[in-house]
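Since the structure comes first, as structure tokens, the remarks are kept for the end.
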Amino acid sequence: MAETNDTQATIKKALAGSQIAFSNLLDTFWNGVYGFQLKRTENENDAEDITIQTFSKAFDKLHTYDSKYEFKTWLIAISKNIHVDLIRKRKKSLETGENQESVKKVLDDAPTAEDVLITEQNLATLLSHIKKLKPHYQEVINLRYFKELSYAEIAEQLNEPINNVKVKILRAKKLLAQVIKGKA
């Protein structure tokens, strides 16, 4: 199974800290997890939020992944649990008083190919491309690249875990690069 070997190799690189490996895992498995949640929730926003949380949690707990199982199956199990938790929270209608994990120090990534492509665009053209993204992606792009906030500052401002912010920015960059290339 070449795909499984490739996936396992990518996971090992991600565990060693490779941002490219994390990006590859996100690209490879995003549509599967998102599609699964879209069928379950029948709501694009919920499906997207759950998918972001799934990757955030998976990347945070990647060291616990057991290679005896398919990686996609592991991701789907995480997303099911997040969805169940979301339903429980909504049923209880409680204010979320979640314990915030202490914000980890994060080294900002070196510019990726998407970063280079984004910065090469004419500002007016770039802004028109950004407006084609969903509002929450526009927001993280604005905070990261125009206000130049760190991941930790964005997490604090959005009141979200830092890993969610990292996944949203990664996803927003990919989508923006596709828009710029005319593929979206």
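Within the range 18-40, residues that are on the phi < 0 side of the Ramachandran plot sit with their Cβ atoms under 6 Å from residues that are open to solvent by 60 Å² or more (accessible area, probe 1.4 Å), at 6+ positions apart or across chains, in these pairs: Ala21/Lys13; Phe29/Lys72; Gly32/Lys72. In the range 142-170, which residue that is in a loop (DSSP other than H, G, I, E, B) and in contact (Cβ under 8 Å) with a residue 12 or more places away in the chain is farthest from Glu48 (Cα to Cα)? The residue in question is Ser150.
Of everything in the range 153-179 that is open to solvent by 30 Å² or more (accessible area, probe 1.4 Å) and of a type in the set (A, V, I, L, M), the residue that is farthest from Asp60 (Cα to Cα) is Leu175. One residue is enough: does the range 103-117 have a residue meeting the conditions more than 25 Å from Leu62 (Cβ to Cβ), at pLDDT below 85 and either among the hydrophobic types (A, V, I, L, M, F, W, C) or in a helix (DSSP H, G or I) (or both)? Within the range 103-117, one or more residues are more than 25 Å from Leu62 (Cβ to Cβ), at pLDDT below 85 and either among the hydrophobic types (A, V, I, L, M, F, W, C) or in a helix (DSSP H, G or I) (or both). Evaluate the range 131-149: report whether one residue or more is at pLDDT 90 or above, under 14 Å from the mean Cα position of the chain (by Cα) and among the aliphatic types (A, V, I, L, M). For the range 131-149, residues at pLDDT 90 or above, under 14 Å from the mean Cα position of the chain (by Cα) and among the aliphatic types (A, V, I, L, M): present. Scanning the range 3-19 for residues that are touching an Asp or Glu at 6+ places or on another chain (Cβ under 9 Å) and open to solvent by 70 Å² or more (accessible area, probe 1.4 Å) turns up just one, Gln19. Selection within the range 25-47: residues that are surrounded by fewer than 20 Cβ atoms within 10 Å (Cβ to Cβ) and touching a His at 6+ places or on another chain (Cβ under 9 Å). The member of this set that is farthest from His136 (Cα to Cα) is Arg40.
For the range 61-83, the tally of residues that are buried (at least 17 other Cβ atoms within 10 Å of the Cβ) and touching a residue at least 60 places away in the same chain (Cβ under 8 Å) stands at 1. Can you spot a residue in the range 68-82 that is at pLDDT 90 or above and among the hydroxyl-bearing types (Ser, Thr, Tyr)? Yes, there is a match, as at least one residue in the range 68-82 is at pLDDT 90 or above and among the hydroxyl-bearing types (Ser, Thr, Tyr).
The values are calculated or read from the model by the stated rules, or taken from the named source; none is laboratory data. Since the model is a prediction, treat every value here as computed from it, not as a measurement. Heads up, the Cβs are rebuilt from the backbone with ideal geometry, glycines too, and the neighbour counts pull from every protein chain shown. For the accessible areas, the whole protein counts, side chains as well, though only heavy atoms, and no ligand, DNA or RNA atoms are used. Shrake-Rupley method; radii C 1.70, N 1.55, O 1.52, S 1.80 Å.
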